[in-house]
Structures are given as C-alpha cells and as structure tokens.
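Everything on this sheet refers to the single structure shown next.
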Amino acid sequence: MQTDLSNIPNKLRLRYSFTDDSHTMDAIIRNSCERELLAIVNEIASLLEVDINIETESYTKDGLNEVWTLVSENRYVTGVITGMLINVLSGYLTQDRELTDLQNEELRLEIDKLKRGLKESKGNRPNINPEDSVTAFNNNIKITKHRSKFYQNLTEYAKVSNVTAVLLSHENHPIIDPVIIEGEEFDKFICKTDELAPLMDENATIEIISPVLKNEKYNWKGIYKGEVIRFSLRDKEFRHHVTNNNIQFKNGTCIDCICKISRRVSNLGEIQNYAYTVLTVLRKHDDGTTTETPQGKRYRIKKEMQTKQLKLFKD
C-alpha cells in the first residue's frame, strides 16, 4: 500500500519581498542568508541524529522565491525538520535577545525524546509534534547564532520588506498558511551580543608554567584541564606573597583556585573560552605537599557554614 504523501511536507519555500517590483537580490546577501539557513537545518539534523540531504529548485512568482527540498530515507523526517525550521525562523529570541546556553536539562531531554520518537517509528509516522520542541531548538546556541546572522544580513539590505516561509508537500501544495516576518520585526531575532555568561569553576586546578614574579598585571601561564592557558591573577593577597618571594614555584607546582572563564560565541556558533581569571587561590601544592592559603581557609569556612545552615533549614 502506497503511503499518502500529500500532507507530509518535505519542502520549504522562502520568498523575499522587496520594496520595489523587481525580482533581483544582491547575490552576496542572498548567499549569506542561505548559508545561515543551511547551517540551521544541519544543526537540527545533527541534534536529532538523522541523515538529510538538501536540494534546491527554482520558483518564481512574486519577489524572489527559492524552494528547498529535504530528502531522507525516512519520509517523515522531512516533515519534522521543515516544521521545526519554520518555527525557528519565526520564533523570537528569549532572554532579552541574549545568547544563552542549552543549559536546561529539560530541553536536552526534549531533544532526546524527539530522537527516540524518530528512531522508534522505523519509517512510519512518528508520534511527535515539531511545535512541542520549538523552545529547545530556539535556545540552542548554534541555531540562535545562525538565525541572528540571517536576519542581520537582511537588516543591512533595506530592499527586503519581508520574508515569507511556507511548507510544501511533495506536489508543491502548501501544508500550512504562509508565515510572514515583516522587516520591522527582523531586529527581534538578532542577538545584541556574542558574550555568554561566564563560567565559575570553584574547584579549578592549574599547573603553573610561567608565574609572574613582578607586581605587574601580566598574564600567568598554566595548564588547565589539559589545555595551556594564559590567565590573570586577581588574588591580591596571593600576588603580594609571590612578589615578596614568600611563595616559591618549581616544576609541577599547581594551585587550586576559583577561576572565572569568560566565553563568547564564534560566527560558526561555537562556544569559545577567551579569558581566564583566577579570583581566589585556595591551595598550592607540589611534591605531594598541599598548603592552604589564608584566603582559601576563609573561603572553606564560609562554605562549611553555608552548608550547615542549609542542612538546618532542610531539617
């Protein structure tokens, strides 16, 4: 029995409408927008662990149209991904347009549920709704970044008045009503910064390669989680002891510390650690000997008191 494909979308038609009656668009802008959309599709497919091919076909009527056809061994995968793509394109940024981590375990579980649904369907219609998981994909850093760049490209090209997206069946019949994003709304999708909230590692261990022995604001050099890093030392008490030769360093000397890791998102949507700052040195150890610093002792006592108070509260 042949499966009815009439209501399974496998195509996305994207139309750029212009402020004039032309059908032309700056090729660099168009290719840049296409690159970001392809990156979004590939990221969704990667998160769902499915194979997908993307083909393009010409379609001209009003403005400038392009049709993307998604091809997969599982015909229902195309419906899932095109549904998610149109939701991502029209879903405004949350968190005051800040880039945020896919930090919520609930969001990861939602994607895992989608993956299981697709795998367990074994080529049959999966019991999932793309709209149910739009939040998970809208908060994915790579997708958020690529969507931001897509709309940023368009804001810099005043000729585009709006973008219309519609899902099509195999026979090019619309599955849903067109989704129109007006030009004045483009800014709502654009991230205002590439900065992410810094990470605080309260149990960081750094093997010292090059200490700064002068009372200058030079960066230290060390090994953190197997990576060679340069870091600034903001612990004035520890730095004072170093410059006064009260603390010695040798091969293999390590410090346990509270380290702030500054992060940002690259143009490819990758998270980059670009600055390390040691706020407090808790302990120094070498040759099997560990020495707790005075500030480390104060920090430990403070944490122990907080733990006791929390335990009393729970009891």
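Only the coordinates and a few stated rules stand behind these numbers; no lab work does. Remember, it's a predicted structure, so these values are computed and weren't measured experimentally. Backbone-built Cβ (ideal geometry, glycine too); neighbour counts: all protein chains shown.
Structural remarks
- Compared with the dominant Cα axis of the chain, that is its longest principal axis, helix 141-155 is turned about 60°.
- Full-extension gain in nm, GLU49 to SER210, via 0.36 nm per residue minus C-alpha separation: 53.6 nm
- Here the simple spin-label model places points 7 Å from the Cα toward Cβ, and for LYS302 and HIS240 these points are separated by 1.6 nm.
- Over 26 Å (Cα to Cα) - which of LYS119/LYS142; LYS122/LYS142; LYS221/LYS303; LYS260/LYS311; LYS214/LYS303 fall in this group: LYS122/LYS142; LYS221/LYS303; LYS260/LYS311; LYS214/LYS303
- Estimated at 0.36 nm per residue, the fully extended path between ASN127 and SER22 surpasses their Cα-Cα distance by 33.5 nm.
- Sparse-neighbourhood loop sites, chymotrypsin sites (Phe, Trp or Tyr not before Pro) in region 208-268 - DSSP loop, at most 14 other Cβ within 10 angstrom: TYR218
- Three-way shape label, the chain, alpha-carbon gyration tensor, a/c 1.5: prolate
- 222 nm mean residue ellipticity, helices alone, for the chain (DSSP H n ≥ 4; -39,500 (n - 2.57); rounded to 500): -11000 deg cm²/dmol
- 0 to 90° range, to nearest 10: angle between helix 27-48 axis and the chain longest Cα axis: 70 degrees
- Between helix 75-90 and the chain: long-axis angle, C-alpha atoms, 0 to 90°, nearest 10: 70 degrees
- Exposed loop sites here mean GluC sites (Glu not before Pro) with a DSSP loop assignment and at most 15 other beta-carbon atoms within 10 Å; the chain contains its longest site-free run at 99-155.
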